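Reviewing the structure listed below.
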Amino acid sequence: MTLPVLIAGGGIGGLAAALGLAQKGIATLVLEKASQLGEIGAGIQLGPNAFHAFDALGIGPAARDLAVYIDNLRLMDALTAEEIARIPLDEAFRARFGNPYAVVHRGALHGVLLAACEAHERVTLRTSAAVTGYAQDGTSVTATLASGEAVTGRALIGADGLWSAVRAQLAGDGAPRVSGHTTYRSVIPTEEMPEALRWNAATLWAGPRCHIVHYPLSNWKEFNLVVTYHNDAPEPVAGKPVSHEEVARGFDHVAPLAREVIEKGRDWKHWVLCDRDPILDWTDGRAALLGDAAHPMLQYMAQGACMALEDAVCLADEMGRAGEDPARALESYAARRRLRTARVQLQSREVGTHVYHPEGAHAALRNTIMAAKTPAEWYDTVAWLYGSNGLDGTCATGGADT
Ligand SMILES: Cc1cc2nc3c(=O)[nH]c(=O)nc-3n(C[C@H](O)[C@H](O)[C@H](O)COP(=O)(O)OP(=O)(O)OC[C@H]3O[C@@H](n4cnc5c(N)ncnc54)[C@H](O)[C@@H]3O)c2cc1C
């Protein structure tokens, strides 16, 4: 019997990989640490490249059904409450990139992937199965679980996120880098969103050392709020509840309209954001990394999940052609993915510095440069990112000035 490909982690990246491989005729076994498969109840922005990946995975229609199709990406000055720039996501955008830009509920998106995996005979899902390490010989790889159980497969994909145990062994590059940026998340019913701000847009209010993002979700039933304060937080945090007063503290200096959004938030949870420098080696024989385990990034280009989806499509493409040599297929997969994802990792940091959080002359320069761009120029700037389906590894075209 042919051994399955083992996938550590059943997040968006792990499930997409399982589905993609299964569709190429490859049996997969997903090993998920948590006792239940799922995602947090917040929103996520998806560029056209994510929809190219959904199409490749055969779930394009289901993913499109979940989406709210926003009209614009809007950049606001959080101090003056004036619009700096607006990127239209209209027919011209869709015609240029072949797919829409949209926002979806994470849980619902994960649910689409999960339903497709559950319906596929070649995908097996196991929960309460934390991978702690692996060993391999020339013919197979064996993952060790926290319970001590050993599970053998033909390859192992580490899709186990920011704190990946597979990466710890494969790359051995220590803990992720703490950015010092604290992100607070809340979801509020649409009727509680200030009426003046019920925009059909992904809106970013950029201010000194802080920013606010909001957009409608779930067929306009609610609004997603993601607000970030660069408070030099020293330790990583993931999803801990936090008081409203603590959130508000970072936004005293922004315009009243922007602060109103903060006042509407409730049941806040916070994350201290981490990322890593890009690396070239994502593989070790029959083991490879995918998604945040391979290229964790700050969320400032809204691309972490999009990159994980692209990884899955590329991995399936390579493994589907691998024959008896999975190690070679994994190396080809990494070679096609590493520079594109490296660019997104590094550029996400730069966007945080130069667009999201500057002040004084730096902010005035941002406003002037960004306000001067036409929609066509914006489209040229993002063409390397949104125009690719992840298979071609595009990283070298288009402007880097965002
Ligand atoms: C505030 C914020 C906003 C964001 N906004 C966007 C956005 O708008 N657009 C976008 O594209 N991306 C966005 N991202 C990034 C995106 O959320 C991630 O890049 C994406 O979820 C990564 O998916 P993944 O499957 O690689 O990892 P994860 O989602 O972290 O999944 C990893 C899975 O592995 C499991 N696991 C962990 N350790 C083990 C183990 N040892 N063994 C087995 N299982 C294990 C975990 O329980 C989890 O289920 C945002 C991130 C943040 C923090």
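Things to note:
- All conditions but one from (1) part of a loop (DSSP other than H, G, I, E, B); (2) more than 10 Å from the ligand (Cβ to nearest atom) apply to Ala34; the one that does not is (2).
- Filtering the stretch 205-216 for residues that are loosely packed, with under 15 Cβ neighbours inside 10 Å, farther than 30 Å from Glu331 by Cα and more than 14 Å from the ligand (Cβ to nearest atom) leaves an empty set.
- Residue list for the stretch 276-310, filter: among the charged types (D, E, K, R), crowded, with 24+ Cβ neighbours inside 10 Å and more than 7 Å from the ligand (Cβ to nearest atom): Arg286, Glu310
- Filtered residue count, the stretch 90-109, keeping only those that are within 11 Å of the ligand (Cβ to nearest atom), part of a helix (DSSP H, G or I) and either free of Cβ contacts under 8 Å to residues at least 24 places away in the same chain or surrounded by 22 or more Cβ atoms within 10 Å (Cβ to Cβ) (or both): 1
- Failed condition for Thr374, given (1) within 16 Å of the chain's Cα centre (by Cα); (2) surrounded by fewer than 20 Cβ atoms within 10 Å (Cβ to Cβ): (1)
- Residues being within 9 Å of the ligand (Cβ to nearest atom) and not in a helix (DSSP H, G or I) - total across the stretch 8-30: 5
- Ala322, sole failed condition from (1) over 16 Å from the mean Cα position of the chain (by Cα); (2) outside any loop (DSSP other than H, G, I, E, B): (2)
- The stretch 110-145 - residue that is part of a loop (DSSP other than H, G, I, E, B) and of a type in the set (A, V, I, L, M, F, W, C) and, of those, nearest to Leu170 (Cα to Cα): Ala130
- The lone exception for Val272 - which of (1) over 23 Å from Glu32 (Cα atoms); (2) touching a residue at least 24 places away in the same chain (Cβ under 8 Å); (3) more than 13 Å from the ligand (Cβ to nearest atom); (4) surrounded by fewer than 20 Cβ atoms within 10 Å (Cβ to Cβ) it fails: (3)
- Subset of the stretch 297-355 (residues that are without any contact (Cβ under 8 Å) to a residue 12 or more places away in the chain and of a type in the set (D, E, K, R)): Arg321, Glu324, Asp325, Arg328
- Of the criteria (1) within 12 Å of the ligand (Cβ to nearest atom); (2) over 14 Å from Asp317 (Cα atoms), which one Pro4 fails: (1)
- Odd one out for Thr152 among (1) out of contact with any helix residue (DSSP H, G or I) (no Cβ under 7 Å at 6 or more places or on another chain); (2) assigned to a loop (DSSP other than H, G, I, E, B); (3) away from the ligand (no atom under 14 Å from the Cβ): (2)
- Per the conditions (1) touching a residue at least 60 places away in the same chain (Cβ under 8 Å); (2) more than 10 Å from the ligand (Cβ to nearest atom); (3) not basic (Lys, Arg), the sole criterion not satisfied by Thr139 is (1).
- Gly239 within 15 Å of the ligand (Cβ to nearest atom) and surrounded by fewer than 17 Cβ atoms within 10 Å (Cβ to Cβ): yes
- Any hit, the stretch 180-197, residues being more than 30 Å from Phe251 (Cα to Cα), within 13 Å of the ligand (Cβ to nearest atom), among the β-branched types (Val, Ile, Thr) and crowded, with 17+ Cβ neighbours inside 10 Å: no
Any read-out appearing in this document is the output of simple, stated calculations on the displayed coordinates, not a laboratory observation. Computed from a predicted model, the values in this text were never measured in an experiment. Quick reminder, even Gly has a Cβ in these numbers, built from the backbone with ideal geometry, and neighbours come from all protein chains shown.
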